[in-house]
Structure formats: C-alpha cells, structure tokens
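Readers should treat all values here as calculations from the given coordinates under stated rules, not as data from a laboratory. Everything numeric here is computed off the predicted structure, so don't read it as measured data. Cβ: placed from backbone, ideal geometry, glycine included. Neighbour counts: every protein chain shown.
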Amino acid sequence: MNKKVLIITGAGLAIGIAEALIYYNLGKNAESDKFKLQIPKGAELLKTTGIIIATSLATAALSNIIERSLTEKPKLIPIPA
C-alpha cells in the first residue's frame, strides 16, 4: 500500500473518530442539563467504527485518484503525416 494512502487513511480515521464521538455525545446529551462524555458500546461501536473505516478508505482512494489525474503527463498520440 502507498505511504500517502496510509497517511491519509490514518488521518481520516483520527478525524472520523473524533467527529463521530462529538456527534454521538451531542445526541446523547441533547435532553440533559449537564454534558457527559460517553463512548458507544457493543454493536453501535462496531457499526460506527465500520463506517469510519469505510469513509477513511474511500477518502484515501479518492485522494489518490485525484492526485494521479493531476500529476500524470498526457499521452501523446502520433499523427501520421
């Protein structure tokens, strides 16, 4: 696997986990007067982790495709005279 893909995927995982925890806690504490930091448990944690991994891999793949399309040299096709 490409080093850049690993870096992008790792960064995506870290940001994705932080974002998911923020949204999870906003939902859990919506009706509460006092904010309490919580982590999902069981199936909800597995589902959230799976979504984060999938979106991180998709982000890395898309970034790689975009980078390649911007850095590839156009192929010259000879035209017969």
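For residues in the range 31-51 being surrounded by fewer than 12 Cβ atoms within 10 Å (Cβ to Cβ), within 30 Å of Asn64 (Cβ to Cβ) and not aliphatic (A, V, I, L, M), which is nearest to the chain's Cα centre (by Cα)? Checking each candidate, the answer is Gly50.
Per-residue answers, yes or no, for (1) basic (Lys, Arg); (2) without any contact (Cβ under 8 Å) to a residue 24 or more places away in the chain; (3) closer than 30 Å to Asn2 by Cα:
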position	(1), (2), (3)
Ile15	no, yes, yes
Gln38	no, yes, no
Ile53	no, no, yes
Ser56	no, no, yes
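In the range 6-30, the qualifying residues are those that are surrounded by 16 or more Cβ atoms within 10 Å (Cβ to Cβ) and closer than 24 Å to Glu67 by Cβ, and the one that is nearest to the chain's Cα centre (by Cα) is Gly12. Considering only the range 55-68, I want to know if a residue exists there that is in a loop (DSSP other than H, G, I, E, B), closer than 25 Å to Gly10 by Cβ and under 22 Å from the mean Cα position of the chain (by Cα). No, the range 55-68 contains no residue that is in a loop (DSSP other than H, G, I, E, B), closer than 25 Å to Gly10 by Cβ and under 22 Å from the mean Cα position of the chain (by Cα). Against the list (1) farther than 28 Å from Ile7 by Cα; (2) among the hydrophobic types (A, V, I, L, M, F, W, C); (3) in a loop (DSSP other than H, G, I, E, B), the condition Leu26 fails is (3).
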